[in-house]
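Trainee: The structure follows.
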Amino acid sequence: MSAGASWFARGCLAVAHDLIGCELLVDGVGGTVVECEAYARDEPASHAFPGPTQRNASMFGPAGRLYVYRSYGIHWMLNIVCGEQEGAGEAVLIRALQPTTGLELMRARRGRDAELELCRGPGRLGQALAIGPGLDGEPVGAGRVAFDPGRPSGPVEQSTRIGITRARELPWRFSLAGSPYVSPTRRSRSA
DNA sequence: GGTATGATTGACT
DNA sequence: GTCAATCATACCA
């Protein structure tokens, strides 16, 4: 069943890697994680890099909780706090899910997207799962957020993170190789 | 107090 | 391929 907070009380890289293939449900809606990215404390791409602020407060809280924030004024991003000890300032960004539960609700929330596009990309995922400020700090594996550890159905691919401008070289993005539910790699910001 | 920026997406040329 | 939408936070004056 649900794993305790201890599952997330590890380094963000290990958590991000193991997260592929796990099942995540918010209010009974969700699916299998197929893509995520790790964010540590001491790298400039991370929200934790500048130190604790009001926005990223959850990132410095106990592991196994959600860190939710708004990006570009429009999208809600879903993260899970991790780290070997509380206050580590590490988190994993959930970038894409393979929808398994609550398909109808997701479709209703997002319009009439194909199943493939319901949760492909962090912004879409946030919309499909109705992520909002009320979920910030919510414990994972209890209450509104269900979590089941699982194993990936295929090889896990490691690559560079997407959509960031700093520390782009760190290969901290994990995805299920060959999965059509993984967000397409945008190359507009390539150097 | 004012301005620049972002872990994105969707629409348009 | 290029650009607008949209707003809280960060940083400078």
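Trainee: Among what's in the stretch A:54-72 and is at pLDDT 90 or above and part of a loop (DSSP other than H, G, I, E, B), pick the residue that is nearest to the chain's Cα centre (by Cα). Outline the logic, then answer.
Mentor: Our first condition is that a residue be at pLDDT 90 or above; within the stretch A:54-72, this holds for A:55-72.
Applying the additional criterion that residues be part of a loop (DSSP other than H, G, I, E, B) yields A:55-56, A:61-64, A:72.
Numbers: A:ARG55: 17, A:ASN56: 15, A:GLY61: 17, A:PRO62: 16, A:ALA63: 14, A:GLY64: 12, A:TYR72: 17 Å.
Across the stretch A:54-72, the extreme among qualifying residues is A:GLY64.
Trainee: So, one more: Could you list, in sequence order, all residues of the stretch A:73-106 that are within 7 Å of DNA strand B (Cβ to nearest atom), surrounded by fewer than 16 Cβ atoms within 10 Å (Cβ to Cβ) and either touching a residue at least 40 places away in the same chain (Cβ under 8 Å) or within 19 Å of A:ARG173 (Cα to Cα) (or both)?
Mentor: The first filter runs over the stretch A:73-106 and keeps only residues within 7 Å of DNA strand B (Cβ to nearest atom), leaving A:73-75, A:77, A:79, A:91, A:93.
With surrounded by fewer than 16 Cβ atoms within 10 Å (Cβ to Cβ) added as a condition, the list becomes A:73-74.
A:ILE74, the sole residue that qualifies.
Trainee: Among what's in the stretch A:47-70 and is among the hydroxyl-bearing types (Ser, Thr, Tyr) and near DNA strand C (Cβ under 8 Å from one of its atoms), pick the residue that is farthest from A:ALA146 (Cα to Cα). Don't jump to the end; show me each part of the working.
Mentor: Looking only at the stretch A:47-70, we keep the residues that are among the hydroxyl-bearing types (Ser, Thr, Tyr), and these are A:53, A:58, A:67, A:69.
Still in the running and near DNA strand C (Cβ under 8 Å from one of its atoms): A:53, A:69.
Numbers: A:THR53: 28, A:TYR69: 20 Å.
That would be A:THR53.
The values are calculated or read from the model by the stated rules, or taken from the named source; none is laboratory data. Keep in mind it's a predicted model, so treat the numbers as computed, not measured. Reconstructed Cβ throughout: ideal geometry from the backbone, glycine too, with neighbour counts over all protein chains shown.
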